[in-house]
Each structure stands twice: as C-alpha cells, then as structure tokens.
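What follows is a single structure, written as structure tokens, with notes after it.
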Amino acid sequence: MNTVGVIGLGYVGLPLAVAFAEAGCEVVGVDVDARKVEALRTGTSYIEDVPSETLAQLSERIHPSTRYAPLAKVDAVLICVPTPLTPNREPDLGPLVDAVRALAEVLQAEQLVVLESTSYPGTTRERVVPLLEESGLAAGRDFHLAFSPERVDPGRTDFTLRNTPKVIGGLTAACAQRAEDLYALVCDELVRVSTPEAAELTKLLENIFRSVNIALVNELALLTDRMGIDVWEVIESAATKPYGFMRFEPGPGMGGHCLPVDPFYLSWRAREFDLATEFIELAGKVNQQMPYHCVAKVQRALNRSGLAVKGARITLLGVSYKPGVGDIRVSPALKILSLLRELGAEVGYHDPHVPALNDFALSSRPLEQAVNDADVVVIVTAHPDVDHELVAKRARLLVDLRGVTRSFDAAHVVRL
C-alpha cells in the first residue's frame, strides 16, 4: 500500500489527499494553518469541491497535522503550497522554500517528492534540489523528484483529477516512473515529458494562453465601447466559424490562483535570459486595467441617470472570481468594490457563495433587498443560481459586465 504525504491542504492539496485516500492510501496532510488542520480533524471541509461527508467517510485514512515529522514515514510527498507574487509582481517562493526546508529535515532515502505548485521553469532543479539535498541525500540517486503541475479548476465537475491528463516531468527517468506509478492510482491518463522544466513551462503556457486571449477580447471590448458596437454580438458571430477560432469572453478582469499570477512568473524568468515577453506583459497590463474601465462604465451609467457616484447605492452581484464557487482570491470584484468606495459610493453585494467579506466589513445581502435598495446593480460574477433576467427587470439601473442579459433589451440595462 502507498502512503502519501501532502503539504498544503488548500484548493489543490485537499482534493489530492481525498483522491489518494479514496484509492486506499494512507494520507498524511500537513498545513501551517492550524485552523485547517482542526477543521479536517472534525470532518469539516472548507473547500466546496470536497464535501464534509466525504471527509467523514475518509477520516481513518487522512491524518492532518501542522508537523512535518509524520512525513518521514510516507512513500511519497506532494508539495502543493501557494506560489504568489510580491507587491512588485515578482515570484514569491517564500512558502515553497519554507515547506521544502522543513521537508528536508525529515526526508528519507527512496522517498518520492513531487512539486505541484506552479512556478517558473528551473524551480524544481535550481531551488528545490539544493534545499532537499541539505538532508544529505542526493536527488535522483537517494530519493526521487518530479514536477507535476496541478490542473485544478474549482467548481468544475466535467473534468476532475481522475479524467484530466496528468503531466509529469522527472529529474531522471526513474524519478518519472515512480511519479507515474503513484499518479496512476488517481489519474486515468499520464503524460510524461522529458524534464521538470518542460512540465513547469507546460503549466505556464496553459494559463498564459488564456490570459493573452482574454486580454485580446478585453481590449476589443474597450474599442467597441467607444465605437458603439456590441462586443457580445461580434464574439457570438465569430464563434460560428467551425475552425480557426476559439471563443473567449471579456469581463471585469481575471481572478483566482492562476491567471493573474502565473504569466508574471514566466516574464520574470525570461528577463534572466535577456528577453522581454512583451505579449505576456501586455496581456497582464490590459487585464489589470479592466476593473478601472468597469468602474468608469458604472460612473457613466449613473451620470446618464442623473446621479453622481458619490453617495450612490451600488450592489455588486457576485464577488467570487468565477461562477458557481466562493473563491475570492484576486477577484476583480474586490478591486471594483475598493475603487467605488474611494469614489464615495455606498457599496453592498449579494453572492450566494460568499457569505461575508471580512476585509470590507460586509455581508451578503438577500437578493431582492439588495436589488430593490440599489441605485445601480452591477453584475460582476454571473452565478448560475441567480436569475439575472429577473434582476434586470427589477433593477432601476443595471450594468452587466458578463453579457448574461443580452436577451433582455431595455434602456436601463448597460453592458460591457
């Protein structure tokens, strides 16, 4: 039987721990957040994709802890810690370095270590290897090491860990084989690449592809706004082409743990090779400006109604970064909320998946009340369990940043 350790029990690590436990493995979960560990010990999930009932059923196989010592007894350790950006938008490997150093203190011969945290090409070989070898063990000889990027899409049910192909890049062929043998327990299709660097860049390419194409349609939305053309009509028309076109939609900006962060990891790394990744950096710039454009859109809509933004009662509909989930990491709604407050607006929100925004001292208001009390309602995240057409009928003024009210044609409805 395989015994698996998972460092970092968040949106990536906890589903992994559950998957291996369901496959019959004993799982040691490690997280520096004692609140998460305590929640898991009581069978309480803090992630929507993992029901508490599932945790309760697996309680005898998942062993959460804030200590690294239990990892000395497992066959494999998967590292799933955050890799955020600094305020200057440079890679912040602090959480990763801390985790690897702590793991090195308990690392054992013949163990497999796999990094799943997204980072720039070279991280596994240049940063992780030296830290783990402080244990006195040599990577690729005394222990196995690989990189296998996470492909988690919170809230998604059609593609899961089981049926999403798993990319694996081992430090050696033997390392890759050990990783394949492990992931075969929970993944149907394995994709081996030649090196950890290739696997690291694969993950970045996936997200940069989306970032660049979203930036393209966002920039098009800025242009069509000035030209008086319906950007949604243009996109739907273009999407009828059966080849050579892939549909992307504009919006108030990008959120989550990947798209707003990952492209900057590669652009930072590229500078070490005397190359400016201009497409990537321009895409990031365009997407970061979208909340400002959306706030200006709200201002203009209020002005046409004879209202100033200062003192206006504004309801944001949806504050998580994507539909159907409660994840607010880097959500553009938070930036929009801050900007509107700076302009003097009274901002509230309704989101069935986010009961409170503690940093703003706000709680989600009942939908009917939030709509009826607002001078303007702004659809920021289009949750599937909200009747947006009904909202459009009842709102005094509606600004739709997601194009979900296209079938409702009325003068008081303004779209991105």
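Tell me the residue from Leu220, Leu216 that is modelled with pLDDT of 95 or more and in contact with a helix residue (DSSP H, G or I) (Cβ under 7 Å, 6 or more places away or on another chain), please. Can you show your working first?
Numbers: Leu216 fails: in contact with a helix residue (DSSP H, G or I) (Cβ under 7 Å, 6 or more places away or on another chain).
Result: Leu220 is the single residue among Leu220, Leu216 that is modelled with pLDDT of 95 or more and in contact with a helix residue (DSSP H, G or I) (Cβ under 7 Å, 6 or more places away or on another chain).
Pairs needed: first member in segment 366-393, in contact (Cβ under 8 Å) with a residue 40 or more places away in the chain and farther than 19 Å from His293 by Cα; second member anywhere, open to solvent by 60 Å² or more (accessible area, probe 1.4 Å) and assigned to a helix (DSSP H, G or I); C-beta distance under 7 Å; at least 6 residues apart or different chains.
Sorted first by the residue in segment 366-393, then by its partner, the pairs are Val371/Arg394.
Quick test for you: out of Glu200, Glu189, pick the one residue that is touching a Pro at 6+ places or on another chain (Cβ under 9 Å) and either surrounded by 14 or more Cβ atoms within 10 Å (Cβ to Cβ) or on the phi > 0 side of the Ramachandran plot (or both).
Values: Glu189 fails: either surrounded by 14 or more Cβ atoms within 10 Å (Cβ to Cβ) or on the phi > 0 side of the Ramachandran plot (or both).
Going through Glu200, Glu189 in turn, the sole match is Glu200.
Based on this model, can you work out whether Ala301 counts as small (Gly, Ala, Ser), open to solvent by less than 20 Å² (accessible area, probe 1.4 Å) and not in a loop (DSSP other than H, G, I, E, B)?
On the way: small (Gly, Ala, Ser): yes; open to solvent by less than 20 Å² (accessible area, probe 1.4 Å): yes; not in a loop (DSSP other than H, G, I, E, B): yes.
So Ala301 passes the test.
So, in segment 27-48, of the ones that are under 16 Å from Ala76 (Cα atoms) and touching a residue at least 40 places away in the same chain (Cβ under 8 Å), which residue ends up least open to solvent (accessible area, probe 1.4 Å)?
Only one residue fits best here, namely Val30.
Please find, within segment 149-181, the residue that is nearest to Leu259 (Cα to Cα) out of those that are touching a Phe, Trp or Tyr at 6+ places or on another chain (Cβ under 7 Å) and at pLDDT 95 or above.
If we take residues in segment 149-181 being touching a Phe, Trp or Tyr at 6+ places or on another chain (Cβ under 7 Å) and at pLDDT 95 or above, then Lys166 is nearest to Leu259 (Cα to Cα).
Pairs, please: C-beta under 7 Å, at least 6 apart or cross-chain, first residue outside any helix (DSSP H, G or I) and in segment 216-242, second open to solvent by 50 Å² or more (accessible area, probe 1.4 Å)?
Hits for this filter: Ala239/Phe245; Ala239/Arg247.
Results for (1) more than 26 Å from Leu223 (Cβ to Cβ); (2) open to solvent by less than 30 Å² (accessible area, probe 1.4 Å), shown as yes or no for each residue.
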residue: Gly284; (1), (2): no, yes
residue: Asp327; (1), (2): yes, yes
residue: Glu342; (1), (2): yes, no
residue: His350; (1), (2): yes, yes
residue: Thr381; (1), (2): no, yes
residue: Pro384; (1), (2): yes, no
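Those residues that are β-branched (Val, Ile, Thr) and either at pLDDT below 95 or in a loop (DSSP other than H, G, I, E, B) (or both), I need them from segment 392-413; list them, please. If you could, list the steps in order and put the result at the bottom.
Of the residues in segment 392-413, the ones β-branched (Val, Ile, Thr) are 399, 404-405, 413.
Within segment 392-413, Val404, Thr405, Val413 meet the criteria.
Considering only residues that are farther than 22 Å from Leu266 by Cα and not in a strand (DSSP E or B), which ones fall in segment 61-97? Full working, then the answer.
Narrowing segment 61-97 to residues farther than 22 Å from Leu266 by Cα: 61-78.
Within segment 61-97, Arg61, Thr66, Arg67, Tyr68, Ala69, Pro70, Leu71, Ala72, Lys73, Val74, Asp75 qualify.
Each row is one residue, and each column tells you yes or no for (1) of a type in the set (Lys, Arg); (2) out of contact with any Gly (no Cβ under 9 Å at 6 or more places or on another chain); (3) touching a residue at least 40 places away in the same chain (Cβ under 8 Å); (4) not in a helix (DSSP H, G or I).
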residue	(1), (2), (3), (4)
Pro130	no, yes, no, no
Glu134	no, yes, no, no
Leu145	no, no, yes, yes
Val152	no, yes, yes, yes
Cys175	no, no, yes, no
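Of the conditions (1) touching a residue at least 12 places away in the same chain (Cβ under 8 Å); (2) surrounded by 13 or more Cβ atoms within 10 Å (Cβ to Cβ), Gly311 fails just one. Which one is it?
(2)
The values are calculated or read from the model by the stated rules, or taken from the named source; none is laboratory data. Treat the numbers as computed from the prediction; the structure is a model and nothing was measured. Positions of Cβ are generated from backbone atoms using ideal geometry, with glycine treated the same way; all protein chains shown enter the neighbour counts. Protein only, heavy atoms only, side chains kept; ligands, DNA and RNA dropped before computing areas. Shrake-Rupley method; radii C 1.70, N 1.55, O 1.52, S 1.80 Å.
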